[in-house]
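> Pasting in a structure now, in structure tokens, and then I'll have a few things to ask.
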Amino acid sequence: KLQQNAQTAGDDTSDELSGKLTIMQGFTEGGAYTLYVRLAPGSDAIPATSISYQLFCDVAANGGYEDDSLVATNVQLQSVEQFQAPGITTLDPQSAYKVQINAGTCTPAAVGALGNPVAQLYLHIESGGTTFETLTVNDPADGNPVI
């Protein structure tokens with residue numbers, strides 16, 4: 001039983017490490033958040049649709065909470081100028097990407113208007129790891145950093 005528990009714990013840890021995003025930078029863009037990300041070292045390739053997010057902020061609407069999954073058009077290679085179809089279907093560890101978070105409640109404008117202009121972001125990878133980042137929106141205009 002003890003050996004089986006250790007094996008299960010090892011497998012779970014391996015799954016978490018084999019699919020995790022590292023956020024390099026983040027900016028406001030077109031009323032959304034654009035995050036520049038890479039897969040963490042040792043990660044396997046992952047489908048873009050396996051990435052979901054949660055945002056928490058002090059905006060009263062919806063209790064300051066929202067979540068959604070990304071679609072391929074929300075993920076582009078870092079070198080691609082605009083988010084457009086068809087987007088990226090699979091992220092691989094060798095490339096750098098940009099991810100667009102189209103918030104409905106915790107928008108850059110709504111968060112920037114708060115006395116404490118922060119939102120907590122969780123990026124989840126199905127059967128993988130979770131990445132946490134605090135987004136600070138001092139100015140919601142396009143191109144301003146949030147990380």
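> Please work out which one of (1) touching a helix residue (DSSP H, G or I) at 6+ places or on another chain (Cβ under 9 Å); (2) over 15 Å from residue 67 (Cβ atoms); (3) open to solvent by less than 60 Å² (accessible area, probe 1.4 Å) is the condition residue 103 fails and give its number.
(2)
> Right, here's the next one. Can you tell me which residue in segment 59-85 is nearest to residue 115 (Cα to Cα), limited to those that are of a type in the set (D, E, K, R) and either part of a loop (DSSP other than H, G, I, E, B) or open to solvent by 50 Å² or more (accessible area, probe 1.4 Å) (or both)?
Checked segment 59-85; the qualifying residue nearest to residue 115 (Cα to Cα) is 67.
> Quick one: how many residues across segment 107-137 are under 14 Å from the mean Cα position of the chain (by Cα) and either modelled with pLDDT under 95 or of a type outside the set (Gly, Ala, Ser) (or both)?
Residues that pass the stated criteria total 15.
> In segment 36-52, which residues are crowded, with 20+ Cβ neighbours inside 10 Å and not polar (S, T, N, Q)?
Looking only at segment 36-52, we keep the residues that are crowded, with 20+ Cβ neighbours inside 10 Å, and these are 37, 39, 43, 46, 48, 51.
Result: 37, 39, 46, 48, 51.
> If you don't mind, another one. Please count how many residues of segment 26-58 are over 12 Å from residue 103 (Cα atoms), touching a Ser or Thr at 6+ places or on another chain (Cβ under 7 Å) and either among the basic types (Lys, Arg) or part of a loop (DSSP other than H, G, I, E, B) (or both).
6
The values are calculated or read from the model by the stated rules, or taken from the named source; none is laboratory data. The structure displayed is predicted, hence computed values, not measured ones. Please note: Cβ atoms are built from the backbone with ideal geometry, for glycine as well, and neighbour counts cover all protein chains shown. Heavy atoms of the whole protein, side chains included, go into the accessibility calculation; ligands, DNA and RNA do not. Shrake-Rupley method; radii C 1.70, N 1.55, O 1.52, S 1.80 Å.
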